[in-house]
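Every number in this text was worked out from the coordinates using simple rules, so none of it is lab data. Owing to the predicted nature of the structure, the values given are computational and were not obtained by experimental measurement. Please note: Cβ atoms are built from the backbone with ideal geometry, for glycine as well, and neighbour counts cover all protein chains shown.
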Amino acid sequence: MMTNLPSKLVWTAVAVLGAVALGIVALSRGETINAIWLVMAAICSYLLADRFYARFIAHKVLRLDANRLTPAQRFNDGLDYCPTDKTVLFGHHFAAIAGAGPLVGPVLAAQMGYLPGTLWLIAGAVFAGAVQDFILLSASVRRDGRSLGEMIRSELGNIAGTIAMIGVLIIMVILLAVLALVVVKALSHSPWATFTVSMTIPIAILMGIYGRFIRPGRIGEMSLIGFALLMLSLIFGRHVAADTTLAPLFDYSGEALSMMLIAYGFVASVLPVWALLAPRDYLSTFLKIGTIVGLALGIFVVLPDLKMPAVTKFVDGSGPVFSGSLFPFLFITIACGAISGFHALISSGTTPKMLDNEVNARVIGYGAMLMESFVAIMAMVAATTLEPGIYFALNSPAALIGTSPDSAAAAISGWGFTVTPDVLKQAAADVGEATILSRTGGAPTLAVGMAEILSNAIGGKALMAFWYHFAILFEALFILTTIDAGTRVARFMIQDLIGTAVPWFKATKSWSANIVATAIAVTGWGYFLYQGVVDPLGGINTLWPLFGISNQMLACIALLLATVVLFKLKRERYAWVTLAPATWLGVCTLTAAWQKIFSENPAVGFLAHADKFAGALAANTILPPAKSIADMHRIVFNDYVNATLTALLGAVVLAMAGFSLRAILHALDNPHVTARENAPVPAE
Amino acid sequence: MRKTVTAPMFKIARRIIRTARLMVGIPDYDAYVAHRRNVHPGEPIMSYEAFFRERQASRYGEGSGKINRCC
């Protein structure tokens, strides 16, 4: 009892500090608050959640057993299956789950103020995201490290498995399109950024040759060489942008860049992995981790104030960054960082095969997700430390703010966020760009915010442009890696799906099947990318909600699977742990899907938008941004494609809910445990 | 004397390097070699170069469609 006292005191202190920080974050109105309160509120909540809620899940819900052998111990081969130290595995798992998503979502959600997004990031991670990752990881560990698809198949049946797989393929396509769009928005008409990002290709190939033939397998050496070259191209990029003969070579419109990216995606995903994908993955992984650590240090050193109000008037759905009201769209916009269905794939991927003890699933599954949520909180800080006028200039589409600093300043000041044209011009000059207007997609906003924070820590104004382009480079680098790797995954899924009807198509060694499937994959995401680039509302406006809906839909499916497993284990008294977040996500995705299809507001509903343009077509008038009758037809067609896709996502959720309900009723009828876990093998 | 000071530092550095390598999909080679020696004595053991290539091909799923990264 005496030994418990210090620990009780510490946890009480954490709880009090967390409550104070949350109170300051939630109740401040009118006065600016320091970012440290946001950070403290998040960290204290995570600590308490891990100590109490995750522990409860580990002991009561999952009954993790330190004496039960894990797949890594039973099938140890030193390769796929190898018992790995938990801190090392934590790093591996975190690096796999942390991508561009948690950085973009909070930036977009900042249009509603810092408060709604922050609360959802914290509560979502604690009660939904981390729970999903933790339980899926544990479920996979108890099933020889099986994947999400295999687990759905064995617990819910083959049809449910196939439906889920189609869902994953749709997510993949939308994800690649939206990430590619983020890159296009950051690079368009920016010779400096385009130069440095395109230099990553020869640098990666050089690294690949070095690591394959000159010094095989020396990851550290090749990464250092690559990093040095990358920094050189970053510095040289400024001269390229200033040089009148070089700059036009790297100055492209969004349309041109999207075509290049599509071609790149095709070529990169059929090259051998050692040549381009692997070396760039090394660079982007290390740069990502380094930048996250750097940003955290920067925030703690600089302690910036949050300039965005706690809550803005845009909670009503009239915001310029994305359309739709707080419910359900905030919970769709911030997917990764609060909960990401994609993590269910990672948690049932390589990680469960390396866990050295069941009980470590808690720190790796639950803990890594809390860390990712913290990354999202930092993105929120970076976006809300900007002057709101600059934030809205960066994130509002040209259709709303025009293309000149004067029109933008007038429009944004009209919304109540006072800003002058000179401030906007100066902000662009500070980061070494011609303009910052309508650089939607989150990456440039985050880059400006990071540049502010990091230049305050190191280098001052003089280094701001360098930090900005460093941040763009780091995001573009890992997005390009994801495009390349994701196209390969989509190709495989397409081969697998078509292969069920046409068996020869499954042969992954077949060049013709490879090329055809790659072409289908690239056309799929390329179509949505191009549609997003020419969209007058900037594309992110349409594509990001689609991505959010699909990602949350997958999370809903994963949590439903977890619920079914709990019922089959006869632990239904704890089923609320997964059923509550699954229900919340189901309600959010279905409401959002319904509104995206049927809302009468053309800014939200696809069908209303299609009607508006079809009506104008019938009257033979051309509505901007369309420039011709053909454009008008294309817009109407795209609306129907988007509406169909959204309906498909809704149908997948409903179908999976039906399969889950059936399985739950069967489990309730059966007095025995029916979950397909491996029989426990105790350690001797 | 010097050894007692540097040993923990060396251990931490080694752990960081192992973490960084596993982040990009290359597990511990020494552990692989030890496993082969102990459990499969007399059977062939891949050289580091072969081990690296095998792991690299596996991570990026040449023909397996492995998902190893997130959005």
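Give the long-range amide H neighbours of A:SER438: residues separated by 5 or more places, or on another chain, with amide H under 5 Å away, using H modelled in the peptide plane at 1.01 Å from N. Those lying under 5 Å, H to H, from A:SER438 are A:LEU394, A:ASN395, A:SER396. Amide H contacts for A:ASP305 (H built 1.01 Å from N in the peptide plane; partners 5 or more residues away or on another chain; cut-off under 5 Å): A:ALA35. Which residues among the range A:183-220 fall inside the zone where the amide N is under 17 Å from a point 7 Å beyond the Cα of A:LEU232, along Cα→Cβ? Within reach of a label on A:LEU232: A:195-211.
In the frame of its principal axes, the range A:128-244 has Cα extents of 62, 38, 25 Å, reported largest first. Pairwise alpha-carbon distances in the range A:315-382 exceed 14 Å for 68% of all pairs. Among B:MET23, A:MET231, the order by Cβ neighbours within 10 angstrom, fewest to most, reads A:MET231, B:MET23. Please say if the range A:469-620 is rounded, prolate or oblate, where rounded means a/c under 1.5 for a ≥ b ≥ c the square roots of the C-alpha gyration tensor eigenvalues, and otherwise the choice is prolate for a/b larger than b/c and oblate otherwise? In terms of gyration-tensor shape, oblate.
Helix A:368-384 and the long axis of chain A differ in direction by around 20°, with both axes built from C-alpha atoms. In terms of its C-alpha gyration tensor, the range A:273-327 has an oblate overall shape, because the principal axis ratio a/c (a ≥ b ≥ c, square roots of the eigenvalues) is not below 1.5 and a/b does not outweigh b/c. Separation of the alpha carbons by more than 21 angstrom is noted, of A:LYS568/B:LYS66; A:LYS307/A:LYS425; A:LYS86/B:LYS11; A:LYS185/B:LYS66; A:LYS313/A:LYS425; A:LYS353/A:LYS506, for A:LYS568/B:LYS66; A:LYS185/B:LYS66; A:LYS313/A:LYS425; A:LYS353/A:LYS506. The overall shape of the range A:626-684 is oblate: from the C-alpha gyration tensor, with semi-axes ordered a ≥ b ≥ c, the ratio a/c is 1.5 or greater and a/b is no larger than b/c.
At q = 0.26 Å⁻¹, what log₁₀ I(q)/I(0) does a Debye calculation on the Cα points of the range A:1-93 give, no solvent, two decimals? Result of the Debye calculation: -1.23.
Between helix A:114-124 and chain A there is an angle of about 20 degrees, using the helix long axis and the longest principal axis of the Cα atoms. Sequence-ordered 3J(HN,Hα) estimates for the range A:282-288 from the Karplus curve with 6.51, -1.76 and 1.60 and θ = phi - 60° stand at 4, 4, 5, 5, 5, 5, 4 Hz, glycine and proline given as x. Counting only C-alpha contacts under 8 Å and six or more residues apart, can you give the relative contact order of the range A:317-446 as a whole percent? Reported relative contact order: 24 percent. Reported value for the range A:65-136: 114 Å³ per residue, from the convex hull of its C-alpha atoms. Listed values for the range A:170-186 are Karplus-derived 3J(HN,Hα) couplings in whole Hz (6.51 cos²θ - 1.76 cosθ + 1.60, θ = phi - 60°), namely 4, 4, 3, 5, 5, 4, 5, 4, 6, 5, 4, 5, 4, 5, 4, 4, 6, and x replaces Gly and Pro. A Förster distance of 30 Å, applied to the separation of the beta-carbon atoms of A:ALA679 and A:THR162, puts the FRET efficiency at 0.60. Ranked by the mean number of other Cβ atoms within 10 Å of their residues, highest first, the peptides A:480-489, A:411-420, A:101-110, A:661-670 come out as A:101-110, A:480-489, A:411-420, A:661-670.
Stokes-Einstein diffusion of chain A at 25 °C, 0.890 mPa s viscosity, Kirkwood radius from Cα pairs, rounded to a whole number: 95 µm²/s. As a length-normalised measure over Cα pairs under 8 Å and 6 or more apart, the relative contact order of chain A settles at 23 percent. The range A:400-466 and the range A:529-587 have Cα centres lying 34 Å from one another. Volume of the convex hull of the range A:271-429 (Cα atoms only), normalised per residue: 194 Å³.
You can think of it this way: the chain between A:ALA630 and A:HIS666 has 7.5 nm of extra reach, that is 0.36 nm per residue less the Cα-Cα gap. Relative to the dominant Cα principal axis of chain A, helix A:130-141 is inclined by about 50°. Three principal axis extents of the range A:344-479 based on alpha-carbon atoms, in descending order, are 61, 33, 23 Å. Taking other C-beta atoms within 10 Å as the exposure proxy, A:HIS343, A:HIS92, A:HIS239, A:HIS469 rank A:HIS239, A:HIS92, A:HIS469, A:HIS343 from fewest upward. In sequence order, the range A:546-552 has phi-based couplings of 4, 4, x, 4, 5, 5, 5 Hz under the Karplus curve 6.51 cos²θ - 1.76 cosθ + 1.60, θ = phi - 60°, and Gly or Pro positions carry x. Sorting A:THR500, A:THR563 by the number of Cβ atoms found within 10 Å of their own Cβ, with the fewest placed first, yields A:THR500, A:THR563.
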